[in-house]
Amino acid sequence: MTEKILVIGEVRDGELRNVSFEAIAAAKKMNDQAEIVGAVLGAGELEKEAQAMIQYGADRVTALKNDALKLYTADAFSQVLLKLIEKESPAGIVMGHTAAGKDLTPKIASKLETGLISDVTDIEVDGEKTIFIRPIYSGKAFEKKLITDGITFITIRPNNIPVLERDESRTGEVIHEDVEVNDLRTVIKDVIRKASEGVDLSEASVIVSGGRGVKSADGFKPLYELAEVLGGAVGASRGACDADYCDYSLQIGQTGKVVTPDLYIAVGISGAIQHLAGMSNSKVIVAINKDPEANIFNVADYGIVGDLFEIIPMLTEEIRKIKG
Ligand code: FAD
């Protein structure tokens, strides 16, 4: 019988998050012969989200609908998913290592009495063995994990496993199910978002991040302009958040968000170990700092020593010119 791998999709604002497509690619890496079964949960139609999963490589998708699934709660989502897992008996389960993924997957794993490998950044296949790689000690080292028994249950860090190419002609079965949700202890009525509109920090491929060197909330404006021309998001050090230059939802680091964009531009950030914990695995790091001894240059691929208030507008201008 063909092995099944269940991919739990995450819908936000009527769209599937990109990490859900990365999760499909991860499932294919785990076993390219497996049947990839997608799951999407919500209160609305879900057909568009289910079709998107199929176009990115899922073979079949179950869309689970109930008013209680409109906004995420571990209570409602775990109930519904546990029933689906019981029905499908998948050999593997994959979800994004997002706020919801971090909250939901340990609850499901404990109910299933199985292990969970969280925050996977890469998957290697060595003959019969599938090896999962994840950072430890705040990104200073990586460990390799192997599952020898039971369900292979993993969460993947956004922006690390490339999505498969979208094939709009791909077809697959979509099953719409009205599901029951009982005895809820938690009901979320509304979510008020603090972060500004625009590119989501945890999925952004470019991040322009400001530190205490930016000196004020106004000082962040040129960083927003640079982020806009690059199609990226703005982040910050805790120093900048503590100084009230920006909201804590932008904080990157050990006690903030962990990001792995293609390009991370650290502006007026000294490079404290707690900041590096959230960004040192970025693919290319550019540091702009007036202190040539700043620790951030030790992790940077490119360094610019100088005053950020001169450099950022020049960079923005040049990139605008290149982009026409
Ligand atoms: P600073 O260290 O003050 O650095 C400012 C930099 O700006 C300096 O290098 C300076 O040379 C440069 N600069 C100044 N003016 C200019 C200019 N005009 N042009 C160019 N460069 C200029 N920090 C985090 O970021 N994220 C976390 O999640 C986090 N978690 C923490 C958890 C704990 C338990 C603790 C104890 C600390 C944590 N911190 C965290 C705080 C961390 O230790 C540092 O204090 C913080 O990262 C410093 O922020 P910063 O680099 O912006 O400020």
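The values are calculated or read from the model by the stated rules, or taken from the named source; none is laboratory data. Computed from a predicted model, the values in this text were never measured in an experiment. Note: ideal-geometry Cβ built from the backbone for every residue, glycine included; neighbour counts use all protein chains shown. These accessible areas exclude ligands, DNA and RNA; they are computed on the full protein's heavy atoms, side chains included. Shrake-Rupley method; radii C 1.70, N 1.55, O 1.52, S 1.80 Å.
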Query - Identity of the residue in the stretch 116-129, farther than 18 Å from LYS257 by Cβ and either at pLDDT below 95 or charged (D, E, K, R) (or both), that ends up surrounded by the most Cβ atoms within 10 Å (Cβ to Cβ) - result: ASP122
Query raised in the report: For the stretch 220-256, what are the residues that are more than 22 Å from GLY303 (Cβ to Cβ), open to solvent by less than 20 Å² (accessible area, probe 1.4 Å) and in contact with a Cys (Cβ under 8 Å, 6 or more places away or on another chain)?
Result: LEU250, GLN251
**Report entry** Residue match in the stretch 12-34 (condition: among the acidic types (Asp, Glu), surrounded by 19 or more Cβ atoms within 10 Å (Cβ to Cβ) and not in a helix (DSSP H, G or I))
**Finding:** no
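One line per residue, one yes/no per condition, for (1) touching a strand residue (DSSP E or B) at 6+ places or on another chain (Cβ under 7 Å); (2) open to solvent by less than 60 Å² (accessible area, probe 1.4 Å); (3) outside any helix (DSSP H, G or I):
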residue: LYS144; (1), (2), (3): yes, no, yes
residue: ASN160; (1), (2), (3): yes, yes, yes
residue: ARG170; (1), (2), (3): no, no, yes
residue: ASP183; (1), (2), (3): no, no, yes
residue: VAL187; (1), (2), (3): no, no, yes
Query raised in the report: Can you tell me which residues in the stretch 215-261 are aromatic (Phe, Trp, Tyr) and touching a strand residue (DSSP E or B) at 6+ places or on another chain (Cβ under 6 Å)?
Result: PHE220, TYR224
Requested in this report: Working carefully through the options VAL284, VAL259, VAL305, find the one that is open to solvent by 20 Å² or more (accessible area, probe 1.4 Å) and under 18 Å from the mean Cα position of the chain (by Cα).
Outcome: VAL284
